[in-house]
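A short write-up of the structure that comes next.
The values are calculated or read from the model by the stated rules, or taken from the named source; none is laboratory data. Note that the coordinates shown come from a computational prediction; the quantities given were computed from them, not determined experimentally. A quick note on method: Cβ atoms are made from the backbone with ideal geometry, for glycine too, and the neighbour counts reach across all protein chains shown. Accessible surface areas use protein heavy atoms only, side chains included; no ligands, DNA or RNA. Shrake-Rupley method; radii C 1.70, N 1.55, O 1.52, S 1.80 Å.
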Amino acid sequence: MARKTSIAAGVDLTAKRVAYDAVCKRLLSEKIILAWIMRSCLDEYRNIDVNTIAAEYIEGRPCLDQILVNREMTGTCLQSAGQVHTSLTEGDVYFDIYFNAAVPGKEESVQLIINVEAQRDFYPGYPLVKRGLYYCARMLSAQKGSVFSHSDYGRLRKVYSIWLCLRPPKYLKRAITDFHIAKNDIIGNNPEITDNYDLLRVIMLCLDDTYGLQGEGIIKLLSVLLSDKIEADAKKRILREEFNIPMTQELETGVRDMFEFSKSLVEESEARGEARGEARGEARGIKMGIEQTVIASIQSLMTTLKLSAQEAMNALRIPESEQPQYLEKLAR
């Protein structure tokens, strides 16, 4: 009987997580929320009013639980909670939220392809930014045959993959990072225009639900919206009064459901000891980050000063007892 109860509890927790994720995606796919993210994080919309972005520059209307199994990317609605790129050789890639957007001042109706992901686990076993870059690469490659054909690469549209990290480590809370391609003239001055190489960007927003009532800007908006500590009525008041977001029926329902599901998940997760597991994951993540930084420093010294690995580690004063582990990683 105890075994059956344990299995049932696990199934119930999984079902609650699925429901929570669905509500989270539904809330984030509201055009006014997407508009706030776009104005705060994307250069193209920095000085545009959020209501204008929502009304004029986000193409189509939000659609939930849609599965797109072909490579056409110019549809008229936002696909969410099931958007998939299917490839015979590369496998399927599912996107939480995926939509097209027009750029102010441009003649074409659609110039950007934007993906938004809500990520609960900051340490899923691989660097999260690499997954974001892979998503961007797939969004670029999928344009052949729909946006352009043959060798007409000049028609490639810029892509964004925006990651909302709900539970980042403490040292990254409230951080916003932009990973992108930039030109570096090693010799000479190549006059290539930015639009021809600035084609993919990964934006990472690290939220902070402890920041809540004291914060400001997009981090506060999203932290409040997705918080499991702020009650629904307080969320609605902050969104309405501080961010001028009207409480539509959809938003009202989503905010209420989000709070109820998140509260239930927190209570059950704590009972199952997940909080301890997250603390261990955070510690492992910090350790991995430190190791990667040290390895990068060693490689930089080896390249710029023409030092051997041993000489570089001695210059960085890495203890002899730790040097073998870095030598092993450098050899990979």
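Of all residue pairs spaced 6 or more apart or on separate chains, those with beta-carbon atoms under 7 Å, a first member in region 243-258 that is surrounded by 16 or more Cβ atoms within 10 Å (Cβ to Cβ) and a second member that is among the aromatic types (Phe, Trp, Tyr) are 243/36. Of everything in region 128-145, what is of a type in the set (Gly, Ala, Ser) and either crowded, with 18+ Cβ neighbours inside 10 Å or not in a helix (DSSP H, G or I) (or both)? Give them in sequence order. Passing the criteria: 132, 142, 145. Residue 124 - would you say it is part of a loop (DSSP other than H, G, I, E, B) and either of a type in the set (A, V, I, L, M) or at pLDDT below 95 (or both)? Criteria met by residue 124. In region 192-239, how many are more than 26 Å from residue 169 (Cβ to Cβ) and either touching a Pro at 6+ places or on another chain (Cβ under 6 Å) or assigned to a loop (DSSP other than H, G, I, E, B) (or both)? Of the residues in region 192-239, 6 are more than 26 Å from residue 169 (Cβ to Cβ) and either touching a Pro at 6+ places or on another chain (Cβ under 6 Å) or assigned to a loop (DSSP other than H, G, I, E, B) (or both).
Taking first residues from region 118-139 that are over 21 Å from residue 20 (Cβ atoms) and partners that are assigned to a helix (DSSP H, G or I) and open to solvent by 60 Å² or more (accessible area, probe 1.4 Å), the Cβ contacts under 9 Å between residues at least 6 apart in sequence or on separate chains come to 127/288; 127/292. Here are 228, 233: which of them is modelled with pLDDT of 80 or more and either open to solvent by 30 Å² or more (accessible area, probe 1.4 Å) or of a type outside the set (S, T, N, Q) (or both)? Checking each option against the conditions leaves just 233.
Screening 146, 151, 141, 161 for residues that are at pLDDT 95 or above and among the hydroxyl-bearing types (Ser, Thr, Tyr) leaves exactly one candidate, 161. No other residue among 45, 94, 57 is among the aromatic types (Phe, Trp, Tyr) and either more than 27 Å from residue 223 (Cβ to Cβ) or at pLDDT below 90 (or both) apart from 94. In region 208-221 there is no residue that is touching a helix residue (DSSP H, G or I) at 6+ places or on another chain (Cβ under 9 Å) and farther than 24 Å from residue 36 by Cα.
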